[in-house]
1. For Glu147 and Glu101, what is the calculated FRET efficiency with R₀ set at 22 Å and r taken between the beta-carbons, to the nearest 0.05?
2. Only loop residues by DSSP count here, and only those with at most 10 other Cβ atoms within 10 Å; note down the GluC sites (Glu not before Pro) in segment 93-133 that meet that.
3. Quickly work out the Trp134-to-Glu82 label distance, labels modelled 7 Å from Cα along the C-beta direction, and quote it in nm with one decimal.
4. May I ask you to compute the full-extension gain from Arg108 to Arg74, defined as 0.36 nm times their residue separation minus their alpha-carbon distance, rounded to one decimal in nm?
Amino acid sequence: MSFTLAIVGRPNVGKSTLFNRLVGKRLALVDDTPGVTRDLREGDARLGDLRFVVIDSAGLELAEDDSLQGRMRRLTERAVEEADICLFLVDARVGVTPADEIFADILRKKNAHVILAANKAEGAAGDAGALEAWGLGLGEPIRISAEHGEGLDDLYDVLRPLA
Ligand code: GDP
Ligand code: MG
C-alpha cells in the first residue's frame, strides 16, 4: 500500500524545493519570490525504498483577488482532503510566524494526519526556529534541509510505518 503526501505551508518555506528533491525531476518551479509556483503539482516520490505520491500545494498562491488567509485556508483544506498525510513545513531560519499558526489551526480543525518539519535547518542558523516549532503543538518537528538533502533519513523513519 502506498500513500499520498501533501507538502503544505506558507509561501517560501521550501515546499517546491522539497517536492523537487523527492520527485527527482524539476517539475515544480522554485524561485526566491514567494508565490512564484503557479500550479498544484503532483509527482511520484522516492525516498529510500518508499514510493508515494507527493503534492506541492503551491496552488494556494494562485488567486490574487483573494486574501492570503483565504487562499491558504482553501488550498490547505483541499490538500488535506486529497492526501493521506500532510507534511507541514515551517522555516527554521525564520521561526514560527502568524501565518504558520493559521496553518496549524486549519490542519488541527481538519483532523489531518500531520508531520511537522522545520526546513532550512542546515547548520546552526535553524536551531532556534526548529525549537520554536514545538510550540505549534503538532509534535516533534523533524529538522530537514530540502536544499541540502539533510534530515531526509528522519523523514523516512516517520513515513516508513505509514507505507
Ligand atoms: P515554496 O514557496 O514553499 O515552494 O518555497 P521554494 O521551494 O520556492 O523555496 C523558497 C526559497 O527557499 C528558495 O530560495 C529556496 O532556494 C530556499 N530554500 C528551500 N529549501 C531550503 C533549505 O533547505 N535551506 C535553505 N537555506 N534555503 C532553502
Ligand atoms: Mg513553491
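1. My answer for the efficiency is 0.35.
2. For GluC sites (Glu not before Pro) across segment 93-133 that sit outside H, G, I, E and B with at most 10 neighbouring Cβ atoms in 10 Å, the list is empty.
3. 3.5 nm
4. 10.8 nm
Taken together, the values in this text are just the output of simple stated rules run on the coordinates, not laboratory data. What you are looking at is a predicted structure, and each value in this text was computed from that prediction instead of being measured. Virtual Cβ from ideal backbone geometry, glycine too; neighbours counted across all protein chains shown.
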